[in-house]
Structure formats: structure tokens, C-alpha cells
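Below you'll find the structure, written out as C-alpha cells, and then a few comments.
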Amino acid sequence: MKLDISKFGRWSLLKQLGSDRLGLGAAVQSQRSATLVSRTRSADRVVKSICPFCAVGCGQNVYVKDERVVQIEGDPDSPISRGRLCPKGSASRQMVQSPRREFKVKYRRPFGTEWESLDLDRAVDMIADRVIATRRQTWQDRDETGALLARTMGIGSLGGATLDNEENYLMKKLYTGLGIVQVENQARI
Amino acid sequence: MGSNMAENHPVGFQWVVEARERGAEVIHIDPRYTRTSAIATMHVPLRVGSDIAFLGGIINYIIANGREFRPYVEHYTNAATIVDERFVDADTNDGVFSGFDEAERSYDNASWQYDGMDPHPSSGQRSGGAARGEAHGAHGAPLTGSAPPHRDPTLQHPRCIFQLLKKHYARYTPEMVANVCGVPEAQFLAVAEALCRNSGAERTTAFAYAVGWTHHTTGVQYIRAAAIVQLLLGNIGRPGGGILALRGHASIQGSTDIPTLYNILPGYLPMPHAAMHQSLQHYVDTVSSKTGYWGYTKEYMVSLLKAYYGDAATTANDFGFAYLPRIDGDHSVFTSIVGMIEKKVRGYFIVGENPVIGNVNGGMHRKALASLDWLVVRDLFEIESASFWYDGPEIESGVMKTSEIGTEIFFLPAAAHTEKSGSFTNTQRLLQWHHQAVEPQGDARSDLWFYYHLGVRIREKLRDSTDPRDRAILDLAWTYPTSGTNADPDSDAILREINGTGADGKEISSYTDLRADGSTSCGCWIYAGCYKDGINGAARRKPGSEQDWVAREWGWAWPANRRILYNRASAAPDGTPWSERKKYVWWDAGQKKWTGYDEPDFMLHTPPDYVPPEGAEREETLSGTDPFIMQADGVGWLFVPDGIEDGPLPVHYEPQESPVENALHPARRGNPARQFYDRKDNPYNPPGDAPGSDRFPFTMTTYRITEHHTTGGMSRNVPYLSELQPEMFCEVSPELAELRGLEHGGYATIVTTRSAIEARVMVTKRMRPLRIDGRTVYDVGLPYHWGSNGIVTGDAANELFAIVTDPNVHIHETKAATCDIRPGRRPRGAVLATFLEAQRT
Amino acid sequence: MKTFDDTAATAQATYDVPEDRMGFFTDTTLCIGCKACEVACKEWNELQEDGYNFTAESYDNTSALGGNTWRHVAFIEQLPRPVGPANDAEPLPPIPELDGGVASLLDRDASVGPMQFDTMGRWLMSSDVCKHCTRAACLDVCPTGALVRSEFGTVVVQDDVCNGCGYCVPACPFGVIAEQPQSGHAAKCTMCYDRLRDGEKPACAKSCPTESIQFGNLDELRARADERLANVVARFPTARLYGNDEDDGVGGFGAFFLLLDKPHVYGLPPDPIVTTRDLPSIWRTTAYSALALSLLVVTASIGTGKA
């Protein structure tokens, strides 16, 4: 009977006949170790991004596999961050994939004691109704001297420093169009 | 100063570490010994709230010892300008400048003007209290009257600004600094000398600050004091110089440039004010300046109105100027929450912010939210501002009952940065684009989606309205391309609108292309050029390794892709670099234009020897040696004649709550123009030696730590960050621990008239008692990241603070207040409510 | 392949390490204690959090390396200033009542003198990691071949092979390798074996904002460290290298350090010795016994076969 050595390929003792006589290295490398490929390499695509935490603006590479973020790390091309990230930036993947994230609209009716579910489209519609109604109830055409005001003081907004410029632009534009002036964000605090 | 950069901007701090390794001196002037102090070459502990005294000491040191960078000061600042003879300095007037109205707690700045100039048209007008500050937007005020202002280039005239400055700061001696700040004279002198030694033609010094400076009732004057130091030392507009605001959110700079703020429109154009801006012409007359680049205010404003109202903005209707709502006072967040409690403000949107944790007096905020008719919260996580109605501290203490809170609440899940495309503007004014990587799950949507569709829905519902009040919203240009299953609006198209387009429909390339005739449209004039030639400049990513150190092809910096503002100042008056070592932008005599490593921030073809002719207008009024082109007189302002509410020069005042008297001005403890919210639900601890002050004998200060982000929404829901700092703690010196019997690792209760919170105790020598004016001041350090929701929870530090703000920008004071600290956990339930009641009586 | 020939009297074993051995040089003079390394490591290796325990040990709440913490930043506060009131002879006054005046307490001088650069104290921060010893006891004792010396000269646990026997845990002279609760396997830093195979830096070194963690060819790192030490010793007179000596008890570290104080201050053993140093002689004895036993068995078998 002829000995087929390949059948013993995973048998460490035979590997040890090679250079790794102590059996502490290549000889004991497992199949998985031998074929290991990093998530960054096996990703379907790399998307260029910017860290969402502080205002340094570190470059991020977002690795996507099967339409899911599998890794976020520093972008070495960035002249600002040179590929580095702080602990928060390094935890970006866990932040965006936190099991504590909310993915459903929650609604609390006046005097209600618990959250209720609500369809997103219905929520936007209800909010639009509230804006229109409150705006009508609190509209100010002119002040006591007759000066033009053209506004509502019944509605306010807070937030923007964690959003994109384009989002801030649309927010301010819409609010201004509606006559809402009490528009504020984190820059104040 | 005022920044813990290693802690809060670790990746930006790599450049500081690298500079230190190349021999730079890194000085950390901060009440606490922090991660930044650990890497600094010197740590200088000073008392919370005393920075202006310290900086005033530096100014005095520079002038008294003739250490100013003389040619820079002579040519590039208003040091030589002569001030109106009616001006009376606070230093000789018990701590208030001329023009102070005690009843209104505000200034009339007529006497602060340059000699021979008229006060700005907006200056004398009063309406709704803080009208003037709101009217300026966020830029230096224009100057009217005879031009140029009277000057004495020898800087000897007794009313020239240099001499006023010298007199004003003469009492800020090293002894005074030691007494007010608790910094030993020798150490103060070492700092002052280091700053001078590292400034001048061959060297520059930078200041880095953050909210450690802005969160004071004199916050704006903190930055002003640094500006004076840096102008005297010639450190503005030059590489390695500047005053660097280290901002805390990914796009907090962007949200100021393209503001979600009440007092400004995009590009720092002021919101129209009811009392002053009834017509476009009024607006332009009061906002515009005859000199400098604000001379184009009409071009900027008309182009914005075209971007807002599109075809509905015509010459016939003043381009829709009457559509813009008017402000008539302070409509900042704190005033709004008072409006909620008074049932005037009935609906509220909270978008990526968590005010019940992040803003001072959380209890008053929750009371305000509980008074609303409706509230919309958009966030990645269910933050405390969304859940206050069932798990807030007032529910626990029984002060509020869930079933009695009438607020209707919509919580809408938001999309994360990986789930949408858009630009952030970072702390150095750099726009950088993040591309969408994946679709958001479930109901999660971008805020772009939400506001676009909300606008569409409202406009649909109002479509048939004939009410003139609805004209503005119906005439709003609100057509954007959408794509995908969620019908997401195209953020690229919006950036293009922000950039602006010309009569030909093509992208404009610079704000100099803007016209006042309605032929151009531009959503934010300072961003004009970010989409030049149809290329998204924010998305440019030429690797840093393939560029020079300025890296102009990475992202896009406003304005006009300039990386250092006012960089004309990096060259001497004759246009040559101050030194080879600090070469940056210079005049190329051969090509007859400015050139260098950066985009010159100057009229490209205006030579250094240009002298404005009689009758010149706008930027042509600036001479070839006027680097500060956005200032009406083209120079850096050591003294501010107009545009600041609380004085033309910074003065040391104590915080609202301080354990000591004001050593410089015993008659004026705090900033006389600070803004109070004197209400039962916002009580102040008695200050100084006032009766009851001994109940709150210690100072407290809030801050962030590396492991968490702001109010914790983006970190306390993340296991890897939560485990690194799992619990609210306070930092105290061994001396204070001994004084109060606090046990390291145990619990302490921190008490004010607003609230009592508990925290684990970190006894550390990094906290250091300081000897101030014959007594010892102990500080309690409080990170403010915790709240009731998340993986790790804890009491919120901001519960302890009262609302009291800077009069210019309405920013609260969290870096210095008074408190008591006791061992053990805080009272709970109804006992807490009773306990707090006792603190207030 | 370079063979490390151990000429020390205690052992005769040879340790195969590749020519191009990769390693870490952690320069603590640059560390800002941000813990990016801890998080980047956990993100890449998909480790679990290690519990939410406030320790009051300065800013360190993960305390030690373990099965789910493969990088750990130690914080050591060394602020030599005298403590004010504690030095006072007078007894401390009691905590005042709510209405009581504490103002008098504040008159005591609890502050201390000027803080000069040389006396302002230090806050030492250092990112610890598996040392990837040249003579790695964990590797020696592993009965399954789960622990291997990789082609980069690093010591790697193959979790598809590890059966969780735990022999390696007490073998480590640094207490690095530990059982990972969720898998039951031994776990520690692999120097991001998968990343190295793809030509990437380990996650910790890549994230480190200040290049306190440097990754590269070990010989080059050692040369760089010598140069660095010479450069900083004037600024940091107490600076020293730790683990860069091939003649130490573990044959030098694959991940070594520039420290600012004695190793024990950072919780590191001052003179680590490979716990298996006596193994070769034990093995020889065992081998002779086994051989004798085998011969006996064979003889017996032959006998049996014939029967």
C-alpha cells in the first residue's frame, strides 16, 4: 500500500519533519489560521467618511460587506488625522450598530403613561398638522409699534451641531419659511 | 487655556505632541491637572473663572516691557487709532465703562467710538433689551463717519488705543495675578516670558481654547483678551499662530456658518430685526459697511433670498425680504424654555441634542418640556430629553407625575453618519464630505429626509391657502431631487444650492461673483466656491502624503479654500515674509500678485504700497497693509468700539457665583452686563461674603473626558466606551476630601440651590487648592456625561447649575459656580424634594 | 529562519523566530492615555466589554489585560506635592451644619507653594499588551498546538484549535493570557494576525493618535528605541527601556516599552523569567522514561504477537 502523505497534511507530526521541529509554528498552524483573511480585505467596498464625534474631523474608512458595516477605522490619507482615531472614533462601528439604537417611531399621547407605536408617514403627517395649527394660533404679524414681525413665537427648535451642513441648511430654510425664529443649536452651549 | 485638548481632541493633539517633540513649549493653563497637563512642558493651575486676570497680566507684561511685535502692532492693529474723548475706562470708574445704564444693565457705546466717527446706526436703538448684539450677526460692526479714523502712528497720544490699553491693564501686575488667579508670580512670569520669547518675526505662538473659555458670563471677553495678546505679539494670520477654537461636535462650526441659530442667517448675516430692518434697504444700510468686504452685504443677502425664495424673489418684492421673520431681542434657548413654562412656546423640535443633560438647570428644562403641547425628538437613541416624562429626576422625587404631563411626544429614529451623505465643517472651517455606506434600517431617516418631507407635507396641506401669512412658505424654493426607496433628497444638490449659481445656471466660483440684482443665488456666501466647476470640494480627498503641509486639495475650507484667515498678516507691510522660517503668503512683485502656500486672504492684485484714493468704496478703501479685510478699517481690533455688549476692553469680573470678592473692582463683583434669569425655579447661590454664601463654600467646574461624548447619547450606549468610564464621578483634592470626610471610591453628594447629585469620589492630587486673596479655594471637578438612560447611568452635573449668561452670545456659565460637597449618597424620592427646598431658603 | 540559541545554563532549547520578526514598541513618553488602543483592539477582534466597574484607580477602569482586554492603559499619578491640611498639626474642624459657617475653615492655608516644571509631578500612562516573548512559556506548555509562533514571530492563539485547557494561563510570567468567558478559550493579543497577513498594521498601532504605539520590524524598533532613549533622557532622566534585551529571562519581548519609571510601578514584573525554563531537562528525563517504557511495550507486544 502506497502512503499518501497529503492525507496527513494536517497531521502536525509530519509537518514537524519540516523546519518547525519543535511544533510551535507552521507545523501546528490550523486550517483557519492558514486561510485567514482580514475583514478589511474581504469587504465588498470601502466608503470614505468623517468621524461623527468631535470637530477635529478625522477621516474614516467604512468597510461594508453584504450591506452591513463590518469595520470603521482611520483613513491614512487624511492630512488631519493621518489614519488615527481616538477611542470614540474607534468605537464608531459599535455606536452605529449599537443594539440600543432605535429603529421605530415612538409616540406618547398627551398624559399617556407609555410609548405607543406609530407609522412613520403618519407621524410626519401629524407633526405637519401640529406645526400648521400652532403656527396659526401664535402668529404675530406686527409688533405694538406696527413694525413687521411675520413670525411665530409658538415653535422652537434645538440642535444641529451633530448634523450635516445640508441638513442645517434645510432646517433653517424651512423654519424661516414658516416664520419660526427660535432656532438654536449646541453652539450656544 | 480653557481647553483640555489631549482629552477632548486626542487626534488633533497629535500635532501638539509632535510640536513638543520638535522643541515647542506646551503650556497648559487650567484649574485641573489633566491628560493635557501630563504631556505639557508646564502646567499652570489657576482658579476657575480667573482667566481674564491672567491674560490681562500677560498684556500688562508685554506692554510694560516693550515686548510687543512693534511693526505688526503699528500697521495691523488699531493701536494707533484715537478714541472719543468722552470714553471713560472701567479701570477708573469702579469697574464699569462709560455709557452704562444700571436699570437696563446694558451699555450705550456712543462714547467708545473712534474719535471723529459716528456710532453705528444700530447702536443707539433699543428694542427688546439686547437688541444691538442680535443686530450684528457675528461680524465686526461697520464704522461710519469720517474715514480714515484719526491715528497717531507713534502710539503716544494719550487717547490712542495703545495708551488706553496700557493704562487699562497697568493694575494687572504679577502680584495681582497671584492674588486673583492663585498662580505664583514666578510661574506667571515664566509663562509671560515664554509667550514673548516664542513670538515675533521668527516664531509664533498659538492659543487653543474650548468651552473652558466660552462657558462664562464673560466668555466673549475671555477670547477678546486672548485676541489682544495675540495681536500685540503678532500671532494672527501667521502659520503656527492664532486663537484656535477647539469645537466639540462634528459640524458645530458648520451649524454656525449655516446656522441653526436664531440671530443669524447663513454666512453670519444678521437675522432681520423688527426695529431696524423693515425693508431690504434699511437692512443693507445698517448691516453693510462702506469699507471692507461687508460692503457687499446686499449682494450676499439678495443671493440668499434668491436661494430661499427662487423665482418668487424679485426686485418688485424686495426679493422676498418681507417674508423673513423678524427677531426683536434674545430668542436663545434659555429664553425659549421660559417661554415654554409660560405656555408661549408650544411646539418644539429637539434634533440630535439632549438639553436636559447638556444645558444648565436640567430641572427647569424638564419643566419646560412638560409644559409643551407637542415635542419632536430625533435621535439615534432614546435620550433623556425624550424620556423625561416617565424617568426624569422629578418623576423620581414626585415633583412631576407622568399622568399629569400633557406633552404629546414624537420620537423619530435618526440615521447615523454612515447612513447618509453630507458635509461636516470641522473646527478649522474645513468642509469634509462623508459618503453614505449603507441604508438606514427601519424608520431611521436622515434629518435631511425629515425636514424635506415635513416641508413637502406642510406645503401640500397649505397649497390652497390664500392667507398672506402662508405666502412665504408656499413661495419657498423647495424642489429637490430625491432617490431611493425612501425618497431621500440629494445632499449634493443642496450643497450646490449653498454654493450658489449664476445667471447661466452654472455654479459660481467665489463670493466675488455674487450680484445684488437677483441674477445670482447663493445659500451661504462664505461657502461660495465649495462646488466650483460642479465639483464637490468637500469630497476632495487627495492624500495628505501627496501634498504639501497646507494640503489645499483635501476638502474645502471657507472662505475661498483659505486655510489661515487674514494671512496677509504673515507678510510684513512691504509684502515680504516676516522671516524665511515663517513664510506663508507674500507679494510677488514680478507677477504683481499675492502668492504663497495658501490662498491669499487679500485682494489678489492689490500691492503692499496701495493707498486708497479719495472716494474709494468697499475693499478698495483698504490699503495694501490692511490685512483684516472683513474689518471696516482693515486692522485687528485691540479695542472694540462697537459690536460687543459688555465693554470695549476685557475686564476681570468674578463669575456669578464665586467664593471671593473682585480684587480688581470691589464695587463690581460680576460682569455688570451679564444676563440673569432671576426666577424661583432658577435660584442663585449667594456669592462672595453675602449671607448664606458659607453654605456653598467651594467652586465647581464641569468638563468632558476622553471616553465619553457630550451628554452621553453617542457613548453611554456603546459598551466599549461605557466600560472605560462606567460611572459619574467627581474629582477633589486630598485637602478637600479631608475637610469634608470624602472617601476615595465612595460616594459624595454635591449640593447647590438648584439640585443635589451624587457621584463616586476620585481623590487626586491633580486637583489642587489655591490660595486666593487670603483664603483657600477648593474646586470640585464634575464630568457632565451621565444621565438616566444608557448602559451606564448616573446623575447629570448640569442639574447643579443656574442659568446666567454672557450678554453677547447668551452662553451659560458652567465652568465656575459654587457648591457644597458632602460624603454619602444623595437623598432620594420625596426626601430629595424637601432637601432641595431647604437649600433655597 | 534565525535560531535563537539559548546559551543560558538553565535551558538548551532552541526558539525559532523568523528573520523579519514584527513587534510593538510602546513609547510611554508619547502616551496621552486616550485608550484608543483598547477600543480599536476590541473593535477589530470583536471582543466583549469587560464589565462596568468604577475602580477609582485614576482613569483606569479596565484594570488589567484579560480574555477580553488585549490592550490595557495603566494610569499612575505621581504628584509629589505635599498635601496641605494633612500636614497641619491642628485637627480638622468638623463638617458644619447646614446653617453653620464654614468660612473660617477657608482661612486655613491649604494651598502649596509654586509648582515648577520639575516638581509639577507626572501622570504616567502606558498601554500594556502581550509581550510576544522570544521564549514564550504559553507556547511551550500548550498541548494542542493552539498557540503558535506565527510567520511574523508573534505568538498567536488559534481559537479553532484551543480546547480551553488553561495550561497557558499560569505559564505566562506577565499574567497576560487568560480565559475568555464567552468562548472558554485562552485569549490574548494576536498582534492582529489577520491584519498582518494582509499587510495592515495592528488595529491599536493604527489608531494610536500620538504614535506611542509603534509597530514594525523588531530589529528596527529596537534601534529606534535606543535612539529615542538617548534623545529623551535629558528631558526624562528616569526613562528606560523594558523588554528590549535579548538576554533577559524571556529572550527579549516582541512588544517592548520605553517607561518613565520602574516596571513594577506600571504593574509589570521587573525581571520576568520564562516559566518553562526547566522544561528541556524535564523533557529529556521524560523522553528517556518514555523510550524505556516504549521498548517495554514493544517487547511485550512482540511477545504477545507470537503467542
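The values are calculated or read from the model by the stated rules, or taken from the named source; none is laboratory data. Computed from a prediction, not measured in an experiment: that's the story for all the values here. Note that we place each Cβ from the backbone using ideal geometry, even for glycine, and neighbour counts take in every protein chain shown.
Overview of results
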{"quantity": "Residues of segment B:711-743 classified as part of a loop (DSSP other than H, G, I, E, B), at the interface with chain C (Cβ under 7 Å from one of its Cβ atoms) and surrounded by fewer than 24 Cβ atoms within 10 Å (Cβ to Cβ), total", "calculated": "2"}
{"quantity": "Criterion violated by C:Glu211 - all others in (1) farther than 21 Å from C:Tyr266 by Cα; (2) outside any helix (DSSP H, G or I) satisfied", "calculated": "(1)"}
{"quantity": "Qualifying residue in segment B:450-468 (condition: at the interface with another protein chain (Cβ under 9 Å from one of its Cβ atoms), of a type in the set (A, V, I, L, M) and in contact with a Pro (Cβ under 8 Å, 6 or more places away or on another chain))", "calculated": "no"}
{"quantity": "Qualifying residue in segment B:433-452 (condition: in a strand (DSSP E or B), hydrophobic (A, V, I, L, M, F, W, C) and modelled with pLDDT of 95 or more)", "calculated": "yes"}
{"quantity": "Filtered residue count, segment B:698-710, keeping only those that are part of a loop (DSSP other than H, G, I, E, B), in contact with a strand residue (DSSP E or B) (Cβ under 7 Å, 6 or more places away or on another chain) and either within 9 Å of chain C (Cβ to nearest Cβ) or hydroxyl-bearing (Ser, Thr, Tyr) (or both)", "calculated": "1"}
{"quantity": "Options B:Phe696, B:Phe676; residue that is of a type outside the set (Asp, Glu) and in contact with a Pro (Cβ under 9 Å, 6 or more places away or on another chain)", "calculated": "B:Phe696"}
{"quantity": "Any hit, segment B:744-758, residues being facing chain C (nearest Cβ under 10 Å) and touching a residue at least 60 places away in the same chain (Cβ under 8 Å)", "calculated": "yes"}
{"quantity": "Lone unmet requirement of (1) assigned to a loop (DSSP other than H, G, I, E, B); (2) within 15 Å of the chain's Cα centre (by Cα) for C:Pro170", "calculated": "(1)"}
{"quantity": "Filter result for the condition that a residue is in contact (Cβ under 8 Å) with a residue 60 or more places away in the chain and of a type outside the set (Lys, Arg), over A:Pro52, A:Pro76", "calculated": "A:Pro52"}
{"quantity": "Among residues of segment C:61-77, those that are farther than 24 Å from A:Ile72 by Cα and within 9 Å of another protein chain (Cβ to nearest Cβ), counted", "calculated": "2"}
{"quantity": "Conditions (1) buried (at least 19 other Cβ atoms within 10 Å of the Cβ); (2) among the hydrophobic types (A, V, I, L, M, F, W, C); (3) assigned to a loop (DSSP other than H, G, I, E, B): number failed by B:Ala569", "calculated": "(3)"}
{"quantity": "Among (1) buried (at least 18 other Cβ atoms within 10 Å of the Cβ); (2) at the interface with chain A (Cβ under 8 Å from one of its Cβ atoms), the one test that B:Tyr511 misses", "calculated": "(2)"}
{"quantity": "Those helices (runs of 4 or more DSSP H) lying entirely in segment B:3-113 with at least 1 residues touching a Pro at 6+ places or on another chain (Cβ under 7 Å) and of a type outside the set (A, V, I, L, M, F, W, C)", "calculated": "B:14-21, B:51-64, B:70-76"}
{"quantity": "Segment B:260-276, subset more than 18 Å from the chain's Cα centre (by Cα) and facing another protein chain (nearest Cβ under 7 Å), residue modelled with the lowest pLDDT", "calculated": "B:Ala275"}
{"quantity": "Yes/no for A:Trp115 being more than 7 Å from chain B (Cβ to nearest Cβ) and not basic (Lys, Arg)", "calculated": "yes"}
{"quantity": "Failed item in (1) in contact with a helix residue (DSSP H, G or I) (Cβ under 9 Å, 6 or more places away or on another chain); (2) within 8 Å of chain A (Cβ to nearest Cβ), with B:Ile383 passing the rest", "calculated": "(2)"}
{"quantity": "Flag for B:Tyr283 being closer than 28 Å to B:Val635 by Cβ, hydroxyl-bearing (Ser, Thr, Tyr) and either outside any loop (DSSP other than H, G, I, E, B) or more than 8 Å from every other protein chain (Cβ to nearest Cβ) (or both)", "calculated": "yes"}
{"quantity": "Scope segment A:62-110; condition facing chain B (nearest Cβ under 7 Å), farther than 22 Å from B:Glu7 by Cβ, under 16 Å from the mean Cα position of the chain (by Cα) and not in a loop (DSSP other than H, G, I, E, B); matching residues", "calculated": "A:Val62, A:Val64, A:Arg68, A:Val69, A:Val96"}
{"quantity": "Selection count, segment B:724-759, where residues are out of contact with any Ser or Thr (no Cβ under 7 Å at 6 or more places or on another chain), closer than 12 Å to B:Pro823 by Cβ and of a type in the set (D, E, K, R)", "calculated": "3"}
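Results for (1) surrounded by 19 or more Cβ atoms within 10 Å (Cβ to Cβ); (2) more than 11 Å from every other protein chain (Cβ to nearest Cβ); (3) under 24 Å from B:Val338 (Cα atoms); (4) at pLDDT below 95, shown as yes or no for each residue.
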| site | (1), (2), (3), (4) |
| --- | --- |
| B:Gly774 | no, no, no, yes |
| B:Gly781 | yes, yes, no, no |
| B:Asn789 | yes, no, no, no |
| B:Val792 | yes, no, no, no |
| B:His812 | yes, no, yes, no |
| B:Lys815 | yes, yes, yes, no |
| B:Thr818 | yes, yes, yes, no |
| B:Pro823 | no, no, no, no |
| B:Ala830 | no, yes, no, yes |
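One line per residue, one yes/no per condition, for (1) at pLDDT 95 or above; (2) within 17 Å of B:Gln230 (Cβ to Cβ):
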site	(1), (2)
B:Asp30	yes, no
B:Val44	no, no
B:Arg67	yes, yes
B:His75	yes, yes
B:Ile82	yes, no
B:Asp89	yes, no
B:Val96	yes, no
B:Glu104	no, no
B:Tyr107	yes, no
